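What follows is a single structure, written as structure tokens, with notes after it.
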Amino acid sequence: MLKAKLGIAPIAWSNDDLPQLGGDTPLTTCLSESHQAGFQGVETGGKFPKTADALKPLLQEYQLDLVSGWYSGTLLDNSVEEEIKKSLPQMQLFRDCGAACLVYGETAGTIQNQQHVPLAQRRRLTDEQMREYGEKLIQFAAFCQDYGVPLAFHHHMGTAIEDEHDIDRLMAVTTPEVGLLFDAGHLVFAGVDPLRILEKHGDRIIHVHTKDVREEVLRALDRHRDSFLDAVLQGIYTVPGDGMIDFSAIVNKLAQIGYQGWFVVEAEQDPAKAPPLEYALLGYKTLRSALDAAGYSVISGAL
């Protein structure tokens, strides 16, 4: 029996890149409603305490595990030694709180947080740049592995690793220490068939984010004019069950390749338009149904 756990990210309540989206919402509201919706764990966000002594009792109060959380990596322009030094406080927090992995997003030259820069102007890497980047990622991922917090690489809109061509090349120049985070929402936004990524790179996936995409928003985007944050404000993302992605097919494929671990709802929306608890409940219901149908056992203990 394959094992799964269900988590959620705080970005539905508060968006760190767009403070106007839930900036005044207390962290306790996010934690309380995450638990109320049925989730077993949460990922971190800007409002979370940065020490285990402060974070662990807070999570225990709401009966939640620390799943993981975003790390703003800069290895593309940074040395491995400097990156390790920069990451240590977050790595220590994650290890001490039992996080499953480090969600590594490459933010060197990213436009994901720059509302004035259109999607079409993202950074792109030559094959030689990708090879050099891969060598550094392997070394950093080995450090993460040894530290007890494996690296899950997050392909992400607006970054140097966004589409299928980027992912294929990155996987080709790295070793299995560099785990892959699978995010169907970012793939669909990038024009990629998520099932094809599962078929090609399923053995590298160590963490799963689940966000849905609103087809009408996707079709209306002008990538030479609209930025990633523009798309978020227009409502590009939503929770599983409210968009165009067939999560039953995705969960079935993940079951076929033997994935076990966290399934995390992570859908950045305007909480004024998409009440976080209401959407958290829908995301949980949709995922739980797909997991049950695919033969997963949703467990409460350690994976």
If a residue has to be in contact with a Pro (Cβ under 7 Å, 6 or more places away or on another chain) and not β-branched (V, I, T) to count, how many in segment 201-225 make the cut?
-> 5
Being closer than 18 Å to N78 by Cβ, in a loop (DSSP other than H, G, I, E, B) and touching a Ser or Thr at 6+ places or on another chain (Cβ under 8 Å) is the filter here, so list the residues in segment 114-146 that pass it.
-> R123
Residues (open to solvent by 20 Å² or more (accessible area, probe 1.4 Å) and among the small types (G, A, S)) located in segment 15-27 = G23
Subset tally (residues that are under 19 Å from the mean Cα position of the chain (by Cα) and closer than 21 Å to V178 by Cα) for segment 110-139 = 2
Could you please find all residues in segment 255-281 being under 20 Å from the mean Cα position of the chain (by Cα), in a helix (DSSP H, G or I) and surrounded by fewer than 19 Cβ atoms within 10 Å (Cβ to Cβ)?
-> A255, L277, L281
If we scan segment 173-192, do we find a residue that is part of a strand (DSSP E or B), modelled with pLDDT of 95 or more and over 21 Å from I245 (Cβ atoms)?
-> yes
Search segment 229-240 for residues that are on the phi > 0 side of the Ramachandran plot and pair each with any residue that is surrounded by fewer than 23 Cβ atoms within 10 Å (Cβ to Cβ) and among the aliphatic types (A, V, I, L, M) when their beta-carbon atoms are under 7 Å apart and the residues are at least 6 apart or on different chains.
-> G235/V217
Residue check, D166 acidic (D, E), part of a helix (DSSP H, G or I) and under 17 Å from Q90 (Cβ atoms) = no
Can you find even one residue in segment 151-166 that is on the phi > 0 side of the Ramachandran plot and open to solvent by less than 20 Å² (accessible area, probe 1.4 Å)?
-> yes
Exactly one condition in (1) surrounded by fewer than 22 Cβ atoms within 10 Å (Cβ to Cβ); (2) in contact with a Ser or Thr (Cβ under 6 Å, 6 or more places away or on another chain); (3) over 25 Å from I138 (Cβ atoms) is not met by G69; state its number.
-> (3)
Within segment 42-65, which residues are without any contact (Cβ under 8 Å) to a residue 24 or more places away in the chain and either touching a strand residue (DSSP E or B) at 6+ places or on another chain (Cβ under 9 Å) or open to solvent by less than 50 Å² (accessible area, probe 1.4 Å) (or both)?
-> P49, A54
How many residues does segment 203-238 hold that are open to solvent by 10 Å² or more (accessible area, probe 1.4 Å), closer than 30 Å to G258 by Cα and in contact with a Phe, Trp or Tyr (Cβ under 9 Å, 6 or more places away or on another chain)?
-> 4
Just give me the residues in segment 17-52 being assigned to a loop (DSSP other than H, G, I, E, B), modelled with pLDDT of 95 or more and of a type in the set (A, V, I, L, M, F, W, C), in sequence order.
-> A37, F39, F48
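The values are calculated or read from the model by the stated rules, or taken from the named source; none is laboratory data. A quick note: this is a predicted structure, and the numbers were derived from the prediction, not measured. Cβ: placed from backbone, ideal geometry, glycine included. Neighbour counts: every protein chain shown. Just so you know, the surface numbers come from the protein's heavy atoms only, side chains and all, with ligands and any DNA or RNA stripped out. Shrake-Rupley method; radii C 1.70, N 1.55, O 1.52, S 1.80 Å.
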